[in-house]
Amino acid sequence: MTADSWRNLIEHIGLLYQEYRDKSTREEIETRRLQDSQTDPEETSPSEETPSEAEPTSTTENKGPPQISLLRNSSSRFNLWQDLPEIRSSGVLSILQPDEIKLQEAMFELVTSEASYYKSLNLLVSHFMENERLKKILHPSEAHILFSNVLDVMAVSERFLLDLEQRVEENIVISDVCDIVYQHTVNHFSVYITYVSNQTYQERAYKQLLQDKPAFREVISQLELDPKCKGLSFSSFLILPFQRITRLKLLVQNILKKVEEKSDRESTALDAHKELETVVKACNEGVRKMSRTEQMISIQKKLEFKIKSVPIISHSRWLLKQGELQQMNGPKTSRTLRTKKLFREIYLFLFNDLLVICRQIPGDKYQVFDSAPRGLLRVEELEDQGQSLANVFILRLLENADDREASYMLKASSQSEMKRWMISLAPNRRTKFVSFTSRLVDCPQIQCVHPYVAQQPDELSLELADVLNILDKTDDGWIFGERLHDQERGWFPSSMGEEILNPKIRAQNLKECFRVHKSDDSQRRKLGSRNRQ
């Protein structure tokens, strides 16, 4: 394929990646809503009248495989695989089983979405990064922080897309794509870790440039107004690589749910998913590491120790939650005392391995008067003791800074804040509902219908169409959830989602999730066996 022909193919992609992503997730939400409203989820599954004894590729064995001009078809703006003229005219739809058609659609979406992603990356480079006016305004160091290694990312996407395109054109029925995903993830996708790890500095540099350089702000605004951008912001182009690597993992999960069990294609999909998960985790860790280091340095500067000093900064330590609570005064105070004057403010910094208890002092400083390892914390919720003791819980330090046991009666500002503290302080404490890892047959679930950006360390950012198990909920509108596709946990407002009411759909979601993480489970069992030995 020549360079000219390649450019022509990309030009004919109908949607920018941001548009594809939005359209795809909205459709996923609507499909799940429709399924949830049915008494039997199978009623909504698309089906074709197909003879069961036929082999998927039998009609193509005696013919040369038709060329599917995947990217050249400008009218196919992410239409289904089965709607392509080449597929319709081939007669293959009358032979393939419904499950195989669904699998073909899942593989086809991975390929077409990569084409859309490449088109958007290309626009980021050609329209923004290589703009002559922008080049004159930006110092080379500023441009490097802003665009990072996007040229490497785009080169990797182009190579990946060429291999996918070649596979699609080998045969009218796509044999597999996950083997290609696996090879590229192992050999090339490390460029994503570099790009995403720079995200904290990138965001900060962009905000600073908008604030300090009116000429930069003016050029960016003008470039965003170009019809090529379809009303999308410059920042939406900058975050493309992180969105893509995450989405690619979900697309492989979707394929994995549709391949036949114990088949070669399942094995390949599991391998691809495992490698993608490794890259996504490394991307997340890269972002967190940058922001966590700065946060820990900032906290260390604010603390003054009344007790023996504890070193706060550590490469393996990060903040889980911080905030003010009310402490009941007096070490032997009765739980039945009911005057608000009994309470005084204290401030907690909870890290992944340490709790530091402080009192705020002038100058935005905190005086530390107690601490304990996080593993030696226990919490207990008080029974209803009337309004003055509402949202009160007991925090026990099995071994505090003085090497003795200590107890604190603490009052939160709301029920949700109390539950959030209790779950953060004692993560192994049983929640209202059982988690994904317990293999419970049924559990309340929620689908995200509004994206949410976490505001606190114990909150969970949500993307459209995320499905989560509900582990706990509060009367004042907060949910503690566990996302099915990556088992990340956190709090979020209940208004961000819609509960999935159909038990068959919930069971189907769990079954698919267990299958996707099959290789993780076997690895955990091996580790558990080694640990016991």
When the range 117-143 is examined, which residues are found to be open to solvent by 10 Å² or more (accessible area, probe 1.4 Å), within 20 Å of Gln199 (Cα to Cα) and assigned to a helix (DSSP H, G or I)?
Tyr118, Asn122, Leu123, Met129, Pro140, Ser141, Glu142, Ala143
Every residue from the range 268-325 that is of a type outside the set (D, E, K, R), open to solvent by less than 20 Å² (accessible area, probe 1.4 Å) and within 30 Å of Val177 (Cβ to Cβ):
Ala269, Ala272, His273, Leu276, Val279, Val280, Cys283, Gly286
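Table: residues versus (1) farther than 17 Å from Leu350 by Cα; (2) at pLDDT 95 or above; (3) open to solvent by less than 80 Å² (accessible area, probe 1.4 Å).
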residue: Asp384; (1), (2), (3): yes, no, no
residue: Leu389; (1), (2), (3): yes, no, yes
residue: Val392; (1), (2), (3): yes, no, yes
residue: Leu395; (1), (2), (3): no, yes, yes
residue: Leu398; (1), (2), (3): no, yes, yes
residue: Asp402; (1), (2), (3): yes, no, no
residue: Glu405; (1), (2), (3): yes, yes, no
residue: Ser413; (1), (2), (3): yes, no, no
residue: Lys419; (1), (2), (3): no, no, yes
Among the residues that make up the range 483-493, is at least one of them in contact (Cβ under 8 Å) with a residue 12 or more places away in the chain, more than 23 Å from Gln253 (Cβ to Cβ), in contact with a helix residue (DSSP H, G or I) (Cβ under 8 Å, 6 or more places away or on another chain) and not polar (S, T, N, Q)?
yes
Odd one out for Asp176 among (1) open to solvent by less than 30 Å² (accessible area, probe 1.4 Å); (2) assigned to a helix (DSSP H, G or I); (3) touching a residue at least 60 places away in the same chain (Cβ under 8 Å)
(2)
Go over the candidates Ile255, Ile245 one by one and state the one that is closer than 25 Å to Tyr201 by Cα, open to solvent by less than 10 Å² (accessible area, probe 1.4 Å) and at pLDDT 95 or above.
Ile245
Read through the list (1) closer than 25 Å to Asp152 by Cα; (2) assigned to a loop (DSSP other than H, G, I, E, B); (3) free of Cβ contacts under 8 Å to residues at least 60 places away in the same chain, then give the number of the only condition that Glu285 fails.
(2)
Among the residues in the range 181-194, are any loosely packed, with under 14 Cβ neighbours inside 10 Å and either in contact with a helix residue (DSSP H, G or I) (Cβ under 6 Å, 6 or more places away or on another chain) or basic (Lys, Arg) (or both)?
no
Exactly one condition in (1) of a type in the set (Lys, Arg); (2) crowded, with 17+ Cβ neighbours inside 10 Å; (3) at pLDDT below 85 is not met by Arg530; state its number.
(2)
Just to be sure before I move on: is Arg429 out of contact with any Pro (no Cβ under 9 Å at 6 or more places or on another chain), at pLDDT below 95 and open to solvent by 60 Å² or more (accessible area, probe 1.4 Å) in the structure I sent?
yes
Flag for Asp476 being modelled with pLDDT under 95, of a type in the set (Asp, Glu) and either on the phi > 0 side of the Ramachandran plot or open to solvent by 60 Å² or more (accessible area, probe 1.4 Å) (or both)
yes
Assess whether Leu146 counts as being open to solvent by less than 10 Å² (accessible area, probe 1.4 Å), assigned to a helix (DSSP H, G or I) and over 24 Å from Val252 (Cβ atoms).
yes
Test each condition in (1) farther than 17 Å from Ile245 by Cα; (2) in a helix (DSSP H, G or I) for Glu114 and report the one that comes out false.
(1)
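The values are calculated or read from the model by the stated rules, or taken from the named source; none is laboratory data. Because the structure is predicted, anything quoted here is derived from the model rather than measured. So basically every Cβ, Gly included, is an ideal-geometry build from the backbone, and we count neighbours across all protein chains shown. Quick note on the areas: whole protein, heavy atoms, side chains included, nothing else; ligands and nucleic acids left out. Shrake-Rupley method; radii C 1.70, N 1.55, O 1.52, S 1.80 Å.
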